[in-house]
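J.: Let me give you the structure first, and then I'll get to my questions.
The values are calculated or read from the model by the stated rules, or taken from the named source; none is laboratory data. All figures in this text were calculated on a predicted structure; none of them were measured in a lab. In this analysis, Cβ positions are derived from the backbone assuming ideal geometry, glycine residues included, and neighbour counts consider all displayed protein chains.
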Amino acid sequence: MHPVVSTVLQRLGLGLLTLFMVSIIIFSSIALLPGDFGQQVLGQTALPETVEAFRRELGLDKPAWLRYIDWIAAVLQGDLGTSFSGRASSGADESRSVWELIAPRLSNTLFLASFTALIAVPLSLFLGITAALKRNSIYDRSVNAMTLTTISFPEFFLAYVLIVALAGTFPTLSNVTNDMGLWERIYKIALPSLTMTLVIVAHMMRMTRAALINLLASPYIEMAQLKGASRGRVIIKHALPNAWAPIATVIAFNLAYLVVGVVVVEVVFVYPGIGQLMVDSVSSRDIPVAQGCALIFAATYILLNLLADVIGIVTNPRLLHPR
Amino acid sequence: MTTDSNKRGSKGDILLEMRNIEIDGFSDERWHDIVKGVDLTLRRGEVMGLIGESGAGKSTLGKAAMGYAQPGCRIKSGTIMFDGMDLMAATENEKRKLWGSRIAYVAQSAAASFNPAHRLVDQTVEATVDHGISDEAAAKKDAVDLYTALQLPDPENIGTRYPHQVSGGQLQRIMTAMAMSPRPDLIIFDEPTTALDVTTQVEVLVAMRDIVEQFNTAAIYITHDLAVVAQMADFIKVLRYGDEVEEAETRLMLSEPKEDYTKTLWSVRSLEKPEDKSDDIALSINNVDAAYGKSVKVLHDVTINIPRGRTVSVVGESGSGKSTTARVITGLLPPMTGNIVFNGEELPAALADRTKDQLRRIQMIYQMADTAMNPKQTVGEIIGRPLEFYHDMRGKQRDDRILELLEMIELDSSFIDRLPSELSGGQKQRICIARALAAEPEIIICDEVTSALDQIVQEGILKLLLRLQKEYGITYLFITHDIAVVTAISDEIVVMFQGKVVEQGLKSEILNPPFPEYTQLLLSSVPEMDPDWLTNLVDQRP
């Protein structure tokens, strides 16, 4: 087997192992949350016997390890469980499956994240490469200063500034629905997408610039210069191919943030994403939904970092073309 | 001889003329002068040798011949005329058109100077194609011819490999092919063989010399090794501290150097300690096999005897297992099989199992004095530490002993409060010697201790080591790849090759025939101060 394939498979295995460990952490930390779903739903006045019966019905009376095994076994079969909400003290059961709750929210989040990434990643690569090319010029300094400014403000503040500045041009409520067309959706998410772009561009751009400049001190870069290569050629042809690994790592980190870290932006723009769902489920002690969201977040992080690792491996000729 | 001495005038018109070049370098927050008003004239087809120690400014001057100042340097003043073109007045773009087409550069470390991300042939022809000298297909075909001329194995396909897939010697030849690809008028060779083993160096030197001759290319050959430059250059310029010392035709320079400094440049080669036989074995390594990890076995059945109060030199190429042997003796790498006997008793294999006294008796000095000292500690702390640790010395007793030790290594008491960063390379190595001496060892293992030093400094260190041996009867195990150093310091020599001992014996036995095949190859590859050495060697070898 080609060593790259075996390395990638090995990383994939490690990723799965990590996900499994994370599932234990998620389960235990949610089990440690104070308060009780039964008490929460039935209210302070409920009789202890009623609460007890309700807990038995949801399986909350079983020991934690047994509940974990039940949960993880179901997850492995693709079943994230059933939401606790929708049940009432009246006995009516309108509860829905966790996946049914998460799916539309996840697709909204992924839509916003992909659209933002589509703008932010090329933009930051472009800014990073050109800044490295014109190192220490006025252009370099102003790009640095600007991105540093945008990353220094809290994201909700940026969001409100954008609302104030662009409220006439773009909608300030991003309440997308399923029946909207693509363009209308894009129009609706313009402001949250712009906010997040401003937040992540700085990090990616600075890392791209730093990775390239770091390589510019290499003897092979001097060699390329002494072969008469132009500045652009030196950066694009000689530095960039060796800089993908660190750049991919920082991009993966920021893309993961786009999926899992945007709850504040979602709240500001009332965007129905998965971040809000998770916060709601935690505050209402809807354990299956909270666990499902957390697991999806963890998987996103692991998957994106795995991808960055793979890019680092396949762009390394030492691994790709062994002796 | 007569044709040779006429060479300078006969080879053609002036190609490069540098007048009164001054170059500054920026460090420690201020500008220092690196090159102080040097002139240089090179005619078409000539090879000039530029020699000097580190800091002489030879590499900086060589790059300035291209109109290039490396980052942190600036060409302050002077004129550089390349074939009628004023490089001082030329714009970046104009110079870029020359670089890689009419002037080419061959760097010291080929391994670092090839881009790891691209195939070798693409890098070989890059400048040629980029400058529009020839189209890609033709340039690649020509590259194969150049690879053939440089005697690279499998010239048709070697170009499709990546830099990490070929050896250092091959890379250095491919870099020569890369420089030759656009058929430049001038090539700057910047210490191109310094990083290579002597046996590899010979092949690379021959290849470079022949191809420069074949295409009648002018070249500046920069090196610190006079014997190497004697093989390559028509005439030699000696630099020191950024000034020219002297310039002369090669044979003249070798037979009658005018300046004292030039004479000292190869003085280390005149140092020779008479050998002294002894059968009193202080330490012996018996049938040792050792490996890194479980799979990579680096020592095979190594047996070495080290007589008391004598110097045993271990010679061999990189990868021959010299330093691993040192690690086995010190206990850093316990052997798989075999043992180490010290003063008639078997030493515990692992460092952790040895007593403090056993540790004290074997000390080590390393190649890079820089990295072997804590940069935040003063000289006094560095030398004082083993005094406290091994001899439990405190206060005034300790301070007095530090002063004694400084005197032993020929430094005065003013050094006691200095930091390593305030010392020169030679002084740092002396401090490392004092630190080893502080333990009052019986054996000192010297691992390439002079390799990073200039010739004159090297000589000082070797003399110091010899004096200490005479006065205190210390035993040395001296690891080196430099045959000149071996001749200077050893009583006995061990030749190693691919993890095995080829032979061990008295210096006179090893350095004189009959030789085992490898020793013959190794010894004959050491450049000699004779301009015909390389030519004769090539004639002799099959």
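J.: Return the residues of region A:200-241 that are more than 11 Å from every other protein chain (Cβ to nearest Cβ) and charged (D, E, K, R); say none if nothing qualifies.
T.: The initial filter retains those residues of region A:200-241 that are more than 11 Å from every other protein chain (Cβ to nearest Cβ), namely A:200-214, A:232, A:235-236.
Correct list: A:ARG206, A:ARG209.
J.: Let me ask another. Within 25 Å of B:PRO307 (Cβ to Cβ), aromatic (Phe, Trp, Tyr) and not assigned by TED's automatic domain parsing to the domain that holds B:ILE340: is that true of B:TYR390 in this structure? Can you show your working first?
T.: Working: within 25 Å of B:PRO307 (Cβ to Cβ): yes; aromatic (Phe, Trp, Tyr): yes; not assigned by TED's automatic domain parsing to the domain that holds B:ILE340: yes.
The answer is yes for B:TYR390.
J.: Find all pairs meeting these conditions: Cβ atoms under 6 angstrom apart; at least six residues apart or on different chains; first residue within region B:349-366 and on the phi < 0 side of the Ramachandran plot; second residue assigned to a loop (DSSP other than H, G, I, E, B) and acidic (Asp, Glu).
T.: These pairs meet every condition: B:ARG361/B:GLU442.
J.: Looking only at region B:108-132, count how many residues are within 23 Å of the chain's Cα centre (by Cα) and surrounded by fewer than 23 Cβ atoms within 10 Å (Cβ to Cβ).
T.: Matching residues across region B:108-132 total 4.
J.: I'd like to know if region B:459-477 contains one or more residues that are small (Gly, Ala, Ser), surrounded by 19 or more Cβ atoms within 10 Å (Cβ to Cβ), outside the structural domain of B:LEU205 (by TED's automatic domain parsing) and modelled with pLDDT of 90 or more.
T.: Checked region B:459-477: no residue is small (Gly, Ala, Ser), surrounded by 19 or more Cβ atoms within 10 Å (Cβ to Cβ), outside the structural domain of B:LEU205 (by TED's automatic domain parsing) and modelled with pLDDT of 90 or more.
J.: Here's another thing I want to ask about it. Please tell me if A:TRP244 is over 27 Å from B:ILE188 (Cβ atoms), within 11 Å of chain B (Cβ to nearest Cβ) and aromatic (Phe, Trp, Tyr).
T.: Details: over 27 Å from B:ILE188 (Cβ atoms): yes; within 11 Å of chain B (Cβ to nearest Cβ): yes; aromatic (Phe, Trp, Tyr): yes.
Judged against the criteria, A:TRP244 is a match.
J.: Going by the structure shown, is A:TYR257 closer than 23 Å to A:ALA290 by Cα and either surrounded by fewer than 22 Cβ atoms within 10 Å (Cβ to Cβ) or within 12 Å of chain B (Cβ to nearest Cβ) (or both)?
T.: yes
J.: Scan region B:449-461 and tell me whether some residue there is under 23 Å from B:SER284 (Cα atoms) and either touching a strand residue (DSSP E or B) at 6+ places or on another chain (Cβ under 6 Å) or in contact (Cβ under 8 Å) with a residue 24 or more places away in the chain (or both). Steps first, please.
T.: Looking only at region B:449-461, we keep the residues that are under 23 Å from B:SER284 (Cα atoms), and these are B:449.
Subsequent filtering for residues that are either touching a strand residue (DSSP E or B) at 6+ places or on another chain (Cβ under 6 Å) or in contact (Cβ under 8 Å) with a residue 24 or more places away in the chain (or both) retains B:449.
Yes.
J.: While we're here: Step by step: first the residues of region A:224-242, then only those that are of a type in the set (A, V, I, L, M, F, W, C) and surrounded by 24 or more Cβ atoms within 10 Å (Cβ to Cβ), then the one that is nearest to B:THR60 (Cα to Cα). Which residue is that?
T.: A:LEU226
J.: While we're looking at this one, here's another question. Within region B:84-100, track down each residue that is part of a loop (DSSP other than H, G, I, E, B) and either within 13 Å of another protein chain (Cβ to nearest Cβ) or in contact with a Leu (Cβ under 6 Å, 6 or more places away or on another chain) (or both).
T.: Just the residues of region B:84-100 that are part of a loop (DSSP other than H, G, I, E, B), to begin with: B:84, B:87-91, B:100.
B:ALA90, B:THR91, B:GLY100, listed by residue number.
J.: Does region B:188-243 hold any residues that are out of contact with any Phe, Trp or Tyr (no Cβ under 8 Å at 6 or more places or on another chain) and of a type in the set (D, E, K, R), and which are they?
T.: Once the filter is applied, which keeps residues that are out of contact with any Phe, Trp or Tyr (no Cβ under 8 Å at 6 or more places or on another chain) and of a type in the set (D, E, K, R), region B:188-243 yields B:GLU191, B:ASP197, B:GLU203, B:ARG209, B:ASP210, B:GLU213, B:ASP225, B:ASP234, B:LYS237, B:ASP243.
J.: Tell me which of these B:GLY344 doesn't satisfy, since it passes every other one: (1) in contact with a strand residue (DSSP E or B) (Cβ under 7 Å, 6 or more places away or on another chain); (2) surrounded by fewer than 16 Cβ atoms within 10 Å (Cβ to Cβ); (3) closer than 24 Å to B:ASP491 by Cα.
T.: The failed condition is (1).
J.: Could you give every pair whose Cβ atoms fall below 6 Å, whose first residue belongs to region A:106-129 and is farther than 22 Å from A:LYS188 by Cα, and whose second residue is of a type outside the set (Val, Ile, Thr), counting only separations of at least 6 or pairs across chains?
T.: A:SER124/A:MET204; A:SER124/A:MET205; A:LEU127/A:MET205; A:GLY128/A:MET205; A:GLY128/A:ARG209
J.: Take the residues in region B:503-523 that are in contact (Cβ under 8 Å) with a residue 60 or more places away in the chain and either in the same structural domain as B:VAL449 (by TED's automatic domain parsing) or of a type in the set (Ser, Thr, Tyr) (or both), then tell me which one is nearest to B:GLY460 (Cα to Cα).
T.: B:LYS507
J.: Residues A:PRO322, A:PRO317: which one is within 14 Å of chain B (Cβ to nearest Cβ) and crowded, with 19+ Cβ neighbours inside 10 Å? Break it down into steps so the answer makes sense when it comes.
T.: Numbers: A:PRO322 fails: crowded, with 19+ Cβ neighbours inside 10 Å.
From the options A:PRO322, A:PRO317, the qualifying one is A:PRO317.
J.: So which of A:LEU125, A:LEU33, A:LEU106, A:LEU110 ends up being in the same structural domain as A:VAL260 (by TED's automatic domain parsing), of a type outside the set (Val, Ile, Thr), out of contact with any Leu (no Cβ under 6 Å at 6 or more places or on another chain) and under 20 Å from A:ASP286 (Cα atoms)?
T.: The conditions single out A:LEU106.
J.: Now for a separate question. Within the set of pairs 6+ apart or on separate chains, which have a first residue in region B:53-74 that is away from chain A (no Cβ under 11 Å), a second that is in a loop (DSSP other than H, G, I, E, B) and charged (D, E, K, R), and C-beta atoms under 8 Å apart?
T.: B:GLU53/B:ASP454; B:SER54/B:ASP454; B:SER59/B:GLU191
J.: While we're on this one: Write out, first by first residue and then by second, each pair whose Cβ atoms fall under 9 Å of each other, whose residues are 6+ apart or on separate chains, and whose first residue, in region B:108-135, is at the interface with another protein chain (Cβ under 7 Å from one of its Cβ atoms) and of a type in the set (Asp, Glu) while the second is crowded, with 24+ Cβ neighbours inside 10 Å and in a helix (DSSP H, G or I).
T.: As it stands, the answer is B:GLU126/A:ALA224; B:GLU126/B:MET178, since those pairs meet every condition given.
J.: Another question, then. Contact list please: Cβ distance under 6 Å, first residue in region A:57-79 and more than 12 Å from A:PHE27 (Cα to Cα) and free of Cβ contacts under 8 Å to residues at least 40 places away in the same chain, second residue outside any helix (DSSP H, G or I) and among the acidic types (Asp, Glu), pairs at least six apart or on different chains.
T.: Final answer for the pair search is none.
J.: Could I ask something else about it? Would you point out the residue of region B:146-193, among those that are part of a helix (DSSP H, G or I) and of a type in the set (Val, Ile, Thr), that is nearest to the other protein chains (Cβ to nearest Cβ)? Please lay out each step first, then the result.
T.: Residues of region B:146-193 that are part of a helix (DSSP H, G or I), as a first pass: B:146-149, B:158-160, B:163-165, B:168-180.
Next cut, of a type in the set (Val, Ile, Thr) only: B:148, B:158, B:160, B:174, B:176.
Details: B:THR148: 22, B:ILE158: 13, B:THR160: 10, B:ILE174: 12, B:THR176: 13 Å.
Checked region B:146-193; the qualifying residue nearest to the other protein chains (Cβ to nearest Cβ) is B:THR160.
J.: Tell me, which helices (runs of 4 or more DSSP H) lie completely within region B:447-531 with 3 or more residues that are farther than 30 Å from B:ALA248 by Cβ?
T.: Filter on region B:447-531 gives B:455-472, B:507-511, B:517-524.
J.: Can you tell me which residues in region B:387-398 are of a type in the set (D, E, K, R) and surrounded by 16 or more Cβ atoms within 10 Å (Cβ to Cβ)?
T.: Matches in region B:387-398: B:ARG398 only.
J.: Oh, and also: Residues in region B:86-98: is at least one of a type outside the set (Asp, Glu), within 28 Å of the chain's Cα centre (by Cα) and buried (at least 16 other Cβ atoms within 10 Å of the Cβ)?
T.: no
J.: Out of region B:245-286, which residues are surrounded by 13 or more Cβ atoms within 10 Å (Cβ to Cβ) and more than 27 Å from the chain's Cα centre (by Cα)?
T.: B:ASP276, B:SER278, B:ILE281, B:ALA282, B:LEU283, B:SER284, B:ILE285, B:ASN286
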